[in-house]
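J.: Dropping a structure here in structure tokens format, bear with me for questions.
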Amino acid sequence: MGEGGRDEGDAMALPPKGFPGCRQCPYVTLREVGVCLRCSTSGMPVAHGEPCPVCDQAMGPDKRCSNDWCGRGDRWFSVVWSIGPHVGAWRSVIGAYKYRHEVGWAVVLGRVLLGYLDEHMPWFDDYDLIVPMPAFIGPGARRRWDPVGDVVAVAAHLAGPCWDFCPGVIVKDRETPALTGLARPARRACAEGQLRPALRIPDPGAVTGCRVLVVDDVFTEGSTLREVARALMLAGAEEVAGVTLARRPWQHAPLPNGLAPLARQPIGRA
């Protein structure tokens, strides 16, 4: 029987309802997470052109990425993958989950995350730890729940021992200003000045010599991931990379084909 008491053979004979009609889909209670990945990404736009080897964004005519972090040696993270572009239904679902507290989407997003890891296992199999982007949920927090942590918890429950999900490896001790809507210079200044001192590695020995994969919801330009990667690397991690649910399109990339293809190999340590 499936997780929801449904016979898996009967349920799998039915077609998916179609993303974002997930709550009526027979697959949301089964372990067939690959179905959720294919359903949610089937209509996502894909850009043409050569992708950036760091962030996978389609580069401009000059073969340079619009995100200057990708060309800098002090970005601390090696590479970042994204499941899809932050556009259309995918953007609406992530926004509803994160900002309108429609917490039921954690089940779907967690299944999509696990399906992506499974489908691209050669990229991720060598990472020792998979950790959620830390969130502060104590007194004074903007949210009293952890959106990324809950998505990772769903993926970890379904994965069992197959993937090394490790919440709590890095924590955030205080609330910091939101970076959403800020221009790049302000984002970077806020990340360095406010986020950096709020991050803590409770047990540095847990990350020493490890390759760490950090899960986040949306990759904008990398300032948040950079600070988390910096903290982990200074604690002894060998490499830090990122995987996100969505990537915001850069200004030079035309829509609807705003994002580069997913298929590319990681670069080495920055």
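The values are calculated or read from the model by the stated rules, or taken from the named source; none is laboratory data. Keep in mind the model is a prediction, meaning the values are calculated, not measured. For neighbour counting, all protein chains shown are included, and Cβ atoms are generated from backbone atoms with ideal geometry for every residue, glycine included. All accessible areas refer to the heavy atoms of the entire protein, side chains included, with ligands and DNA or RNA removed. Shrake-Rupley method; radii C 1.70, N 1.55, O 1.52, S 1.80 Å.
J.: For region 188-204, check the following and say yes or no: at least one residue is touching a strand residue (DSSP E or B) at 6+ places or on another chain (Cβ under 9 Å), open to solvent by less than 20 Å² (accessible area, probe 1.4 Å) and among the small types (Gly, Ala, Ser).
T.: yes
J.: Something else now. Select, from Trp81, Trp69, the only residue that is in a strand (DSSP E or B) and buried (at least 18 other Cβ atoms within 10 Å of the Cβ).
T.: Going through Trp81, Trp69 in turn, just one is in a strand (DSSP E or B) and buried (at least 18 other Cβ atoms within 10 Å of the Cβ): Trp81.
J.: Show the residue pairs meeting these rules: Cβ distance below 9 Å; 6+ apart or different chains; first residue within region 133-158 and under 23 Å from Val108 (Cβ atoms) and basic (Lys, Arg); second residue modelled with pLDDT under 95 and open to solvent by less than 20 Å² (accessible area, probe 1.4 Å).
T.: Filtered contacts from region 133-158: Arg144/Gly138.
J.: Tell me, which residue of region 205-217 that is surrounded by 19 or more Cβ atoms within 10 Å (Cβ to Cβ) and of a type in the set (Val, Ile, Thr) is farthest from Arg142 (Cα to Cα)?
T.: Among them, the one singled out is Val207.
J.: Are there any pairs, at least 6 apart or on different chains, whose C-beta atoms fall under 6 Å, with the first in region 172-187 and farther than 14 Å from Thr224 by Cα and the second open to solvent by 50 Å² or more (accessible area, probe 1.4 Å), and if so, which?
T.: Pairs found: Asp173/Arg200.
J.: Does region 46-60 hold any residues that are open to solvent by 30 Å² or more (accessible area, probe 1.4 Å) and at pLDDT 80 or above, and which are they?
T.: Selection gives Glu50, Pro51, Pro53, Met59.
J.: Can you list the helices (runs of 4 or more DSSP H) found entirely within region 132-245 that contain at least 3 residues being closer than 21 Å to Trp69 by Cα, at pLDDT 95 or above and under 18 Å from the mean Cα position of the chain (by Cα)?
T.: Result: 223-234.
J.: If you take the residues of region 89-100 that are open to solvent by 50 Å² or more (accessible area, probe 1.4 Å) and in contact (Cβ under 8 Å) with a residue 40 or more places away in the chain, which of them is nearest to Val243 (Cα to Cα)?
T.: Residue satisfying both the conditions and the ranking: Arg91.
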